[in-house]
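Right, one structure below, let's go through it.
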Amino acid sequence: MRFTSTSRGARLARRLVSHRLNDWGHDYTTPVNETLTLITAELTANAVRHGHVPGRDFHVQLTLTEGTFRIEVTDTRTEKQPPTNPPATDSLSESGRGMLLVATLADDWGVSPRRAAPGKTVWADPGTVKRSV
């Protein structure tokens with residue numbers, strides 16, 4: 001789904017993922033829902049903050065294949081890549097922990113070039129999950 005590259009767009013994307021997971025049988029308070037919602041929040045906030053190009057939106061895709069979820073956030077800014085190894089931040093810093101959280105919560109994550117247009121897709125696989133219903 002496509003969202004405006006604003007804090008409101010990031011919030012709506014996070015809520016959509018949480019609602020979709022609930023519809024798929026992973027209630028709002030389950031670890032699966034909470035983990036994927038947090039990863040989505042961090043990736044979409046980064047898309048808005050670091051991947052924003054005026055007049056361009058970002059895209060979110062949530063997939064479930066063979067028991068494994070994947071969240072993908074695509075923006076239009078190729079040159080702003082997340083660090084491969086997120087650094088530890090100063091304990092007094094108010095920002096800079098997003099990709100560290102993603103790296104901690106996901107089994108795997110990475111960056112891929114955007115297909116057919118400028119930009120990138122940052123993806124995260126939080127691992128295999130079991131249905132909570």
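The values are calculated or read from the model by the stated rules, or taken from the named source; none is laboratory data. Please read these numbers as outputs of a predicted model, since none were measured by experiment. In this analysis, Cβ positions are derived from the backbone assuming ideal geometry, glycine residues included, and neighbour counts consider all displayed protein chains. We work out accessible area using only protein heavy atoms, side chains counted, and drop any ligands, DNA or RNA first. Shrake-Rupley method; radii C 1.70, N 1.55, O 1.52, S 1.80 Å.
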(request) Would you check which residues across region 10-32 are in contact with a helix residue (DSSP H, G or I) (Cβ under 7 Å, 6 or more places away or on another chain), modelled with pLDDT of 95 or more and within 18 Å of GLU72 (Cβ to Cβ) and list them? (result) ALA10, ALA13, ARG14, VAL17, SER18, LEU21
(message) Being closer than 23 Å to GLY110 by Cα, open to solvent by 30 Å² or more (accessible area, probe 1.4 Å) and β-branched (Val, Ile, Thr) is the requirement here; does THR35 meet it?
(response) yes
(request) For LEU62, indicate whether it is at pLDDT 95 or above, open to solvent by 10 Å² or more (accessible area, probe 1.4 Å) and not in a helix (DSSP H, G or I). (result) yes
(message) What's the total number of residues in region 65-93 that are at pLDDT 70 or above, open to solvent by 30 Å² or more (accessible area, probe 1.4 Å) and over 22 Å from LEU36 (Cα atoms)?
(response) 4
